[in-house]
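Written out below as structure tokens is the structure these notes cover.
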Amino acid sequence: MNKGNKSKLGMFTVLALYFIKYTNLFSDYGQLVLEIAGFKTVVKDLGIDVGIQTKDTKGITASKNLQVAAAIQLTVDSSRKARVMAENENDTKLEHTFNIHVTDFDGKDDKATLEALAIVSKAIGDNMLKLVGYKIIVGDVTTIDAAIALATESLGKAEQAVKERVTSTGNIAVNIDKGMVYIHKIDDLLISEYKNTHHKEVAEYMVNRQEEPIGTHHTGIRPLITCAGGELLHDALISIHELKRSVLSNYDGVGELIKFKTGTYGIEVVKSGFVDFKTNLKVPRGKIVEFTIIMVPKVLVVVATKKGLPAKEYSASVVNTDVVAMTNKEGMAELPKAPNKGVMELSNENGDFYSVPYDMNGLDRLVIHVEVS
């Protein structure tokens, strides 16, 4: 396995745990749940192939052992859910059939184990109509039976461990690519949906989403760009003027500049809607300096009045952005993260509408006065 895949595999493991941790948060977002489920399946497949990679090449039972273990786990996962159905149906016999655990098969003969799993699988299939509401589908039984058949076929055969490792290496590469496809879709769904309502959870996702570099010894910087509340900022321009080099932060809020001489450099971070950040930083030889920059939002302030009195409950927004606020009882609305230049729109439920161009012109805070009729 190459360094890039090892790095991604580490990220996959951390993200799989993250998704388990926040299962309840995402449960009402159907498409996101489907993408996460697909990702988890890839991680499970990767676990099997990584297990093969760690086996002694002189062994002859690596594949068989893994296949039996996979058959056990798949069967147990479905049977535990099926047991709840049986309990709710007051079917004591069926509940006993489904009441199995992975540890029940420790030290047992493989042949007997697979025969027992087949009985459970058949019982699940026979009661499929009752199991629909328990997240068990026909495809689950098909997968279990295929795993049992594969493990049964391997019983008593001398496996070619070297060939297995070559095959598993190829499988790992394919599944890493599959996993990244799911991750990119999850990025778009999760971040867009929850960045404004669950800042902490999204920030945690973005940190877990980072790939850990393996075996790198470059000189450089790797800043994490955030703002108050923990939101990670992408497309922030990070520059080292002495080197005439720049990079944009990614969706993890991270930007990396590497492979330059040790020294002290001026670091500047610029992002529309935020106050420019500048600092000097000493970068030692052979080290990538990681640090966090908390950007301060610029604020566009709208003060609306009507016949000299505060105009409250007007919607103030910046065109082509998600920057929006309501005027309060003083007729004021603050719009943090407003772009440096743009058009502010003011409207109310009665259909009154006002449009005002603005230019921050280097200011960190700009107040616009609007007289409504």
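Tell me, yes or no, whether the stretch 149-168 has at least one residue that is modelled with pLDDT of 85 or more, surrounded by fewer than 19 Cβ atoms within 10 Å (Cβ to Cβ) and either over 19 Å from Asp49 (Cα atoms) or not assigned by TED's automatic domain parsing to the domain that holds Lys337 (or both). Yes, the stretch 149-168 contains at least one residue that is modelled with pLDDT of 85 or more, surrounded by fewer than 19 Cβ atoms within 10 Å (Cβ to Cβ) and either over 19 Å from Asp49 (Cα atoms) or not assigned by TED's automatic domain parsing to the domain that holds Lys337 (or both).
Only one residue in Val269, Val247, Val302 is assigned to a strand (DSSP E or B), without any contact (Cβ under 8 Å) to a residue 12 or more places away in the chain, surrounded by 15 or more Cβ atoms within 10 Å (Cβ to Cβ) and not basic (Lys, Arg), so which one is that?
Details: Val269 fails: without any contact (Cβ under 8 Å) to a residue 12 or more places away in the chain; Val302 fails: without any contact (Cβ under 8 Å) to a residue 12 or more places away in the chain.
Of Val269, Val247, Val302, the one residue that is assigned to a strand (DSSP E or B), without any contact (Cβ under 8 Å) to a residue 12 or more places away in the chain, surrounded by 15 or more Cβ atoms within 10 Å (Cβ to Cβ) and not basic (Lys, Arg) is Val247.
Restricting to the stretch 117-128, name every residue that is out of contact with any helix residue (DSSP H, G or I) (no Cβ under 6 Å at 6 or more places or on another chain) and buried (at least 17 other Cβ atoms within 10 Å of the Cβ). Scanning the stretch 117-128 gives a single hit, Asn127. Comparison of Ile144, Ile100, Ile136 shows that the only residue that is on the phi < 0 side of the Ramachandran plot, crowded, with 21+ Cβ neighbours inside 10 Å and outside any helix (DSSP H, G or I) is Ile136. Only one of the listed residues (Ile258, Ile238) is β-branched (Val, Ile, Thr), touching a Pro at 6+ places or on another chain (Cβ under 7 Å) and not assigned by TED's automatic domain parsing to the domain that holds Asn361. That residue is Ile238. The residues of the stretch 285-299 that are over 18 Å from Asn340 (Cα atoms) and either in a strand (DSSP E or B) or charged (D, E, K, R) (or both), listed by number, are Arg285, Lys287, Ile288, Val289, Glu290, Phe291, Thr292, Ile293, Ile294.
Would it be correct to say that Lys282 is out of contact with any His (no Cβ under 6 Å at 6 or more places or on another chain), basic (Lys, Arg) and assigned to a strand (DSSP E or B)? Break it down stepwise before answering.
On the way: out of contact with any His (no Cβ under 6 Å at 6 or more places or on another chain): yes; basic (Lys, Arg): yes; assigned to a strand (DSSP E or B): yes.
In short, yes.
Picking from residues in the stretch 124-146 that are more than 23 Å from His96 (Cβ to Cβ) and hydrophobic (A, V, I, L, M, F, W, C), the one that is farthest from the chain's Cα centre (by Cα) is Ala146. All of Glu345, Glu334, Glu313 fail the test of being in a loop (DSSP other than H, G, I, E, B), surrounded by fewer than 18 Cβ atoms within 10 Å (Cβ to Cβ) and of a type outside the set (Ser, Thr, Tyr), apart from Glu313.
Exactly one residue among Glu334, Glu290, Glu330 is under 30 Å from His218 (Cβ atoms) and among the acidic types (Asp, Glu), and that residue is Glu290.
Would you check which residues across the stretch 280-325 are of a type in the set (A, V, I, L, M, F, W, C) and within 22 Å of Ile225 (Cα to Cα) and list them?
Kept after step one, since they are of a type in the set (A, V, I, L, M, F, W, C), are these residues of the stretch 280-325: 281, 283, 288-289, 291, 293-296, 299-304, 309, 311, 316, 318-319, 323-325.
Correct list: Leu281, Val283, Ile288, Val289, Phe291, Ile293, Ile294, Met295, Val296, Val299, Leu300, Val323.
Restricting Ser79, Ser27 to those that are at pLDDT 90 or above, surrounded by 15 or more Cβ atoms within 10 Å (Cβ to Cβ), within 20 Å of Val132 (Cα to Cα) and among the small types (Gly, Ala, Ser) reduces the list to Ser79. Taken over the stretch 1-46, the criterion of being small (Gly, Ala, Ser) and under 16 Å from Ile191 (Cα atoms) is satisfied by Ser27, Gly30. Could you list, in sequence order, the residues of the stretch 2-33 that are outside any helix (DSSP H, G or I) and more than 20 Å from Lys178 (Cα to Cα)? Residues satisfying the conditions are Tyr22, Ser27, Asp28, Tyr29.
Considering each of Lys278, Lys312 in turn, give the residue that is touching a residue at least 12 places away in the same chain (Cβ under 8 Å), out of contact with any Pro (no Cβ under 7 Å at 6 or more places or on another chain) and over 26 Å from Ala236 (Cα atoms).
Working: Lys278 fails: over 26 Å from Ala236 (Cα atoms).
Result of the check over Lys278, Lys312: Lys312.
The values are calculated or read from the model by the stated rules, or taken from the named source; none is laboratory data. Source: prediction; values computed, not measured. Ideal geometry is used to build each Cβ from the backbone, glycine not excepted, and the neighbour counts take in all protein chains shown.
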